[in-house]
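The values are calculated or read from the model by the stated rules, or taken from the named source; none is laboratory data. Remember, predicted model here, so these are calculated numbers, not experimental data. Quick reminder, even Gly has a Cβ in these numbers, built from the backbone with ideal geometry, and neighbours come from all protein chains shown.
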């Protein structure tokens, strides 16, 4: 970074800065923990002569244990793509307007999680629903090991609550799907035969002013052999939408290869790990009682709103530990 002309190439420079942040996110806590261990030894020696320091010793041990747990969790982020940014696509599923609202709530949840961790969030696409919420949305979250933490969010998320859109006040169950793929480098070597990809150009939908109603700038790519479909309509430029759609297609193909490896490893176990797109992974209850439970790890909390406000790190950490026990990389 100190080399002359480093900042002359902004895109490459930002990539290196991101790599530095990822390394520091592990190296810095490790250095602090090692220094804490040395300080603890000194404190124990002093406490042997002064019993009044015993509570302070106990508090420091708890502090170090918490830091060690954090380091052990980060050590589980060993996948080839874990250090990359994460492309998150959210789609409303069964549940009508409630599902549209639920998808919007999930979009907010992930955005708040990113902000709590000082990660960058970029909105790529947002398709508004007719009454409330969204049909779909795509964002990119960039920060140290963003994809490693977020990839376990792939699947179906279920919400049970009293519907604010039902005049009779009935309980409503709604679903939204989340798909997470790594933000692969533009220069990544992925062999895609362009003859296998069908491109459709269409007019963007939803909010956006007069432009989106008059210009066919949105791009949809269909990879025929795999059935993967991606689209981008956020940019006014058809060229920019096409470039990002290809980036998303590469990312999904990379994720598909990772899933194939995970499936091969999971054959060693009686039950395949339920991390595939479309699996119900987590249930959020607002009625009759408040709780959020992960169906894979059995980790649960009894407070609903903090989770929706972005406090989802414990669920991610529990998934990383559970994943190791089920033979995944």
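Residues in the range 196-210: is at least one outside the structural domain of residue 123 (by TED's automatic domain parsing), in contact with a strand residue (DSSP E or B) (Cβ under 8 Å, 6 or more places away or on another chain), at pLDDT below 85 and buried (at least 21 other Cβ atoms within 10 Å of the Cβ)?
yes
Consider the range 72-115. How many of its residues are at pLDDT below 95, in a helix (DSSP H, G or I) and in contact with a helix residue (DSSP H, G or I) (Cβ under 9 Å, 6 or more places away or on another chain)?
Number of matching residues: 4.
From 37, 56, 11, 19, which residue is assigned to a helix (DSSP H, G or I) and surrounded by fewer than 10 Cβ atoms within 10 Å (Cβ to Cβ)?
The unique qualifying residue is 11.
Looking only at the range 290-329, which residues are assigned to a helix (DSSP H, G or I) and either in contact with a strand residue (DSSP E or B) (Cβ under 9 Å, 6 or more places away or on another chain) or within 18 Å of residue 109 (Cβ to Cβ) (or both)? Break it down into steps so the answer makes sense when it comes.
Our first condition is that a residue be assigned to a helix (DSSP H, G or I); within the range 290-329, this holds for 305-308, 313-325.
Those that are assigned to a helix (DSSP H, G or I) and either in contact with a strand residue (DSSP E or B) (Cβ under 9 Å, 6 or more places away or on another chain) or within 18 Å of residue 109 (Cβ to Cβ) (or both): 305, 306, 307, 308, 313, 314, 315, 316, 317, 318, 319, 322.
Give the residues of the range 116-129 that are part of a loop (DSSP other than H, G, I, E, B) and either under 13 Å from the mean Cα position of the chain (by Cα) or more than 24 Å from residue 233 (Cβ to Cβ) (or both), sorted by residue number.
117, 118, 119
Among the residues of the range 99-108, are any more than 24 Å from the chain's Cα centre (by Cα), closer than 21 Å to residue 138 by Cα, assigned by TED's automatic domain parsing to the domain that holds residue 283 and surrounded by 12 or more Cβ atoms within 10 Å (Cβ to Cβ)?
Within the range 99-108, not a single residue is more than 24 Å from the chain's Cα centre (by Cα), closer than 21 Å to residue 138 by Cα, assigned by TED's automatic domain parsing to the domain that holds residue 283 and surrounded by 12 or more Cβ atoms within 10 Å (Cβ to Cβ).
What are the residue pairs meeting all of these: first residue in the range 1-17, first residue in contact (Cβ under 8 Å) with a residue 24 or more places away in the chain and outside the structural domain of residue 142 (by TED's automatic domain parsing), second residue surrounded by 10 or more Cβ atoms within 10 Å (Cβ to Cβ) and in a loop (DSSP other than H, G, I, E, B), Cβ atoms under 6 Å, and 6 or more apart or on different chains?
none
Just one of the numbered conditions (1) touching a helix residue (DSSP H, G or I) at 6+ places or on another chain (Cβ under 9 Å); (2) under 30 Å from residue 184 (Cβ atoms) is not true of residue 37; which one?
The one condition residue 37 does not meet is (2).
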